[in-house]
Structures are given as structure tokens and as C-alpha cells.
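Below is one structure, written out as C-alpha cells, with a few remarks after it.
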Amino acid sequence: MKKFLDLGYQPLANSYLSKRNIKKSEKKFKLSIGFDPKSFLVSILNTVPKEKMFNKNYPYKSSESLTMRNQFRLLSSKIKKNFNPKLILEIGSNDGAFISNFDKNNVIGVEPCKNLANLTKKKGFKIFSNYWNTTLAKKITKNNKIDLIYSANTLSHIEDFDEIFNAIDIALSKNGILILEDPSLLECIKNGAYDQFYCEHLYVFSTMALEKILSKFKLKIFFVENIKTHGGSNRYYIKRNNNLMYKIDLSVKQNIAKEKNFGLHKLSTYKNFAKKVAESKKGLRKIFNDLAKKNKIIIGYGATAKSCTVLNYCKIQSKLIKFFYDTTSYKIGKYLPGSKIKIKKYKKLNISDVDYVFLGAWNFKDEIFKKEKKFIKKGGKFITHIPYPRII
Ligand code: JHZ
């Protein structure tokens, strides 16, 4: 692994604090990112034990956003239409945003975060509250193999590919389909979205890198869909090598060509990205400092895991952002890790209370701008660092 980016010491992104002044100082880890020229894999270089991140207190709920609910609904109808699976398994089912689009008898969820698993269990779904591994795969699929396995924003969170894919091999039926969805490395690098890197995101994948990983497990990508979620993601449709039911679509070649044209196979691309990230930090700090000098009131919108990286890397604290609005009940009343900025229950933006709003959830810009039409009409402004620091 060749290190190309250093984002400093960072707290755990989803460990929101219940008090601003905690007695013990927060545990931090070194967030640096590397590229492996052989496997084309981009990953963080120091990992945190999974139990520290994914446990009964996990705050993030997929169904908090209308965009995500709509995406899952659309995907579910596509799945029913194109594959008509008898049995579906979701790895990392979160609060059930995807599986709730299916009949309770046809779908199984795996979710290690107990608080989220319980929410979905209460709705009557079959959920296993465990980490995905071979033991669990054997237990779940003793009598019935799975026709379709789906996993969104989960593969990038799991360190051990052998364990994940050996378990998938156990669970998936002979002609079964695997659909994986994760942020696109191309979009991340193109958009200067360095905040896609935090403790939970061990990897940000390119099609090239994923193809190499899958080949070890006799799996093949046969279709790639570029989707807008989470700042630009790829949805990979995958089959076993010996499954002749699906031809390899042109989109696989095209995506790899796009990535190569951009230089995702070269270390120099990542070194240039690191330079841009350093400039982005300077630019964002300048915007905040200039506005603070003019006594402008700045708040944040969407206390995301990504914000943790930005705020701590750019050293933006409560002197510069008064508080964050967020809709997630678990986050409300708490403080963002590291920067210790308070999170308040979301209220529609009002120009008489706020001048500028930092878009923590920049990936939901369209949804947020629609919601805050009135604020924008009255001259309210947003600050973002994507694709470069600017005021909108
Ligand atoms: P959002 C999480 O990252 C963590 P985060 C995780 N590691 C991952 O991979 C991705 O999700 C998928 C709030 N919000 O989706 C809700 C509003 O308040 O960008 C959320 O707290 N109002 C699993 O945290 C946050 O913003 C709104 O109108 O970076 C969005 O978080 C909207 C739209 C959202 O993921």
C-alpha cells in the first residue's frame, strides 16, 4: 500500500458525544489512505475493531431520507421484474429501508447493529443480528439457498474479503445474483470528496479493484449501474463465473475504461488528489473565517459521518458553526465527535435566524434544496466543499 493522503487524527465518525465536556478525552485514530498499484485497491491504512463501530448504539438509519427510500423502492421493483427471486437476503439491512419493499416471507436481513435489527424485527421481518460470516451463512441457508443477495454500503465496511465472499458462496444458489452497491472511487476522486474516508469506510472501490477481488472467489460483474446515491455510487450485478444465464454487459468495460482514462490505476492520480484536498481545506477555512469576521450566523445541515472527517481535518469547531440540524432522533441533543458541535432537532431554515448553512449532507443537496426553497428564495446561502469550497 502506498500512502497518499493524511487526514490527521480522527475520532470515530458515528460516536456522537452526549456531553461537550467529557472527562476522558476521545479515542482517536490516524486516518491515512493508501493505494495498492497491484490490486488497484484504495483503503484506509489503520482500522478500528468492528465492534467499536457497529454495535447496539449505531445511529445511522437509511430510511431517514426520502431519496434513499425512493431509491430502495425503485430497485426493489426492478429486482422483482428482472430476477423474480424466491428468496432474498440483505447483508447490512440497517433499519429495513430496502427489505420492507418485499413480502416478509421472501426476505431475510442480516444486521449486526442490534438497535437497527430490532426496529426491523418489530415490523415482522426475519432478521439475524450478527456479523455476516460463514457460520451464519450455513445456519441461514441450511435448507434453502438464496436467489438474490443485496448489500448496499456494507462491503466497504468489512475488512475480511475471504470471510464475506466465502459466506456468500455458501448462501447463494447456483444461478443466484449478488448485487453490491458502494460509493464510486471515480466520483469520490473527481469530486474531491475526501470525506468519503472515515473509520467505517475501509475501502472506496473502483470497478477495476472490485473485479480483481471477485475473481478470487470465482465471481464476475455482469452489469454496472452508475447511481446518484451517496455522492455517486456504483451498483454491481454479479454472478458466478459458471453462470451462463447472464451475458457480460458493455457497461463493465465502459466503467473500467472511464476509470483508466481518469488514471485510477496510477499512484500519481492519488497524489494529485491529495494536493487538491489540502487546497480544499485552505479554501473551506477561508470561507468560514471570512464569514465569522462579518459576524454571520452559520449552522450545519446533516450531522453526517462524512462531516466528522471534514470538520476535524479542517479544524472547524463550534466557534465557526453554531450547531447542526439533523432529523435522526439518536443524534439530536448530542455533539459531533471531535469538533463537539451541538446537534439540534431539525427545523425548517429561517432567514431571520440563519445566514449560512454548511451542507454536511452534501449528497442530499437536491432533496435539501427542495425542502428549503423558502430560505433560498429569501437570500439564504449554503456552504459546501464539494466539488470545491464555495458558497451557493
Ligand atoms: P448520510 C452513513 O454515512 C454511515 P453518513 C455509513 N457508514 C455509510 O456508509 C453511509 O451512511 C451510507 C441527515 N439528514 O446518508 C440524516 C437531515 O437531517 O449522508 C443523516 O444524519 N435532513 C453507514 O452519515 C444525515 O443527514 C435531511 O433532509 O455520511 C445523512 O447522512 C437529510 C436528507 C438528511 O450518511
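The values are calculated or read from the model by the stated rules, or taken from the named source; none is laboratory data. In this text, all values refer to a predicted model and were calculated from it rather than measured experimentally. No Cβ is skipped: glycine too gets one built from the backbone with ideal geometry, and neighbour counts run over all protein chains shown. We work out accessible area using only protein heavy atoms, side chains counted, and drop any ligands, DNA or RNA first. Shrake-Rupley method; radii C 1.70, N 1.55, O 1.52, S 1.80 Å.
Sum -39500 (n - 2.57) across every DSSP H segment of at least 4 residues in the chain, then divide by the residue count to get the 222 nm mean residue ellipticity, nearest 500.
-9500 deg cm²/dmol
Going down the list K322/K348; K306/K345; K28/K114; K334/K378, which pairs span over 26 Å between their C-alpha atoms?
Over 26 Å apart, Cα to Cα: K334/K378.
Give me the compactness ratio for the chain, meaning the Cα radius of gyration over 2.2 N^0.38 Å.
0.99
Take the solvent-accessible surface of the protein heavy atoms, probe 1.4 Å, and return the percent of it on the chain that carbon and sulfur atoms account for.
Its accessible area is 51 percent carbon and sulfur atoms.
With charges set only on the Cβ (+1 for Lys and Arg, -1 for Asp and Glu), what does the dipole of the chain come to about its Cα centre, in debye to the nearest 20?
1220 debye
Quick one: what do you get for segment 17-105 if you divide its Cα Rg by 2.2 N^0.38 Å?
So segment 17-105 has a normalised radius of gyration of 1.56.
How would you rank 100-112, 196-208, highest first, on the average number of other Cβ atoms within 10 Å across their residues?
So the peptides 100-112, 196-208, ranked by packing, come out 196-208, 100-112.
Which pairs, out of K61/K139; K282/K371; K228/K253; K247/K271; K190/K212, put more than 25 Å between their alpha-carbon atoms?
Check vs 25 Å cut-off fails for K61/K139; K282/K371; K247/K271.
Relative contact order (percent) for segment 17-170, with alpha-carbon contacts under 8 angstrom and 6 or more residues of separation?
19 percent
Please report the spacing between the Cα centers of segment 205-230 and segment 267-343 in Å, no decimals.
Comparing the Cα centres of segment 205-230 and segment 267-343, I get a distance of 31 Å.
Skipping prolines and chain starts, which residues have an amide H placed within reach, meaning under 5 Å, of the one on E90, given they are 5 or more residues away or on another chain?
Counting only residues 5 or more places away or on other chains, the set is I108, G109, V110, Y150.
With every atom except the alpha carbons ignored, what do you get for Rg and Dmax of segment 325-392, in angstroms?
12.4, 34
Pull up all non-local amide H partners of F382: gap of 5 or more, or a different chain, and H-to-H distance under 5 Å with H placed in the peptide plane.
V357, I392
Using θ = phi - 60° and the Karplus relation 6.51 cos²θ - 1.76 cosθ + 1.60, list the HN-Hα couplings for segment 155-169 in order, rounded to whole Hz, with x at every Gly or Pro.
Couplings: 4, 5, 9, 10, 6, 9, 4, 4, 5, 5, 7, 5, 5, 5, 4 Hz.
As an exercise, take the mean of 1/r over every pair of distinct alpha carbons in segment 133-221, invert it, and state the Kirkwood radius in angstroms.
About 14.1 Å, per the Kirkwood formula over Cα pairs.
Using the Kirkwood radius over Cα pairs, work out the Stokes-Einstein diffusion coefficient for segment 47-191 at 37 °C and 0.692 mPa s, in µm²/s as a whole number.
Calculated translational D: 210 µm²/s.
With only alpha-carbon pairs counted, each pair once and no self-pairs, how large is the Kirkwood hydrodynamic radius of segment 237-287 in angstroms?
The Cα-based Kirkwood calculation yields 14.2 Å.
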